[in-house]
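What follows is a set of notes on a single structure, which appears directly below.
The values are calculated or read from the model by the stated rules, or taken from the named source; none is laboratory data. Nothing here was measured: the structure is a model prediction, and the numbers come from that model. Positions of Cβ are generated from backbone atoms using ideal geometry, with glycine treated the same way; all protein chains shown enter the neighbour counts. Accessible surface areas use protein heavy atoms only, side chains included; no ligands, DNA or RNA. Shrake-Rupley method; radii C 1.70, N 1.55, O 1.52, S 1.80 Å.
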Amino acid sequence: LEFRRVLFRSTLRKARERDALRRENRELRAALTRENRFDALVARSAPMKGLFATISRAAAYKTTVLINGETGVGKELVARSIHTRSPRAARPFVAINCGAIPDNLIESELFGHKKGAFTDASSDKRGLFEEAEGGTLFLDEITDLPMPLQVKLLRVLQEGTFRRLGETGDRRADVRVVAASAKDLEKERSEEHTSELQSP
């Protein structure tokens, strides 16, 4: 009988120890996740911690941001983190993949159009700059924008104004632009410069 009581107490003690270990394990895992979580991004490496610090610094300013990285690395997640940590967090975050919209439609998508501006324009349409008013517009694969549209985009960035297709007056845009590209733009610009120098 005494042996059974000892065995019973020992079994209970081991069960309590297992429960305590499981609880401690869960708490440590949760703490580790919190420590390495940055909005929707989770990472432990030093370079990623550096990225988190850069995002926090960039979020505080209205300046335009260009994110470079290969397809699938999470450029939109970075853009969303910049937005959610910025003073614009309560306003819209609007994203568009510039390479996914046909050239003949992208201007209307970005700036909107007036009824009758072209054949299928049966009503006025707000563009994404208006949809993102007060917030952030994320332009993924910015280098896929046709060159004439890049010039118009530059005007929005410099002057804070744009014009709907078919309108004659300008509209103001209080929008922060975050752009992204899978291309190494610095490398391409350097190669173009080298090519120009080598041309006869």
- [ ] Work through the residues other than Glu109 whose Cβ is under 12 Å from its Cβ and net out their charges, Lys, Arg +1 and Asp, Glu -1.
- [x] -1
Open item on the list: If you take every residue apart from Asp124 with its C-beta less than 10 Å away from the C-beta of Asp124, what net charge results, scoring Lys and Arg +1 and Asp and Glu -1?
Closed with: +4
TODO: Compute, for Glu17, the solvent-accessible surface of its heavy atoms (probe 1.4 Å) with the complete set of protein chains present, and express it in square angstrom to the nearest 10.
DONE: 100
Task: Full-extension gain in nm, Thr54 to Glu70, via 0.36 nm per residue minus C-alpha separation - done: 3.9 nm
Open item on the list: With a 1.4 Å probe and all protein chains kept in place, how much accessible area does Asp170 have, in Å² rounded to the nearest 10?
Closed with: 70
- [ ] Return the FRET efficiency for the residue pair Arg172, Thr63: r is the Cβ-Cβ distance, R0 is 22 Å, and the value is rounded to the nearest 0.05.
- [x] 0.75
TODO: Quote to one decimal, in nm, the extra length available between Asn97 and Lys115 on full extension: 0.36 nm per residue of separation minus the C-alpha distance between them.
DONE: 4.0 nm
Open item on the list: Just to be sure I follow the rule: in the range 39-138, considering lysines 8 or more places apart or on different chains, how many pairs have Cα atoms under 26 Å apart?
Closed with: 5
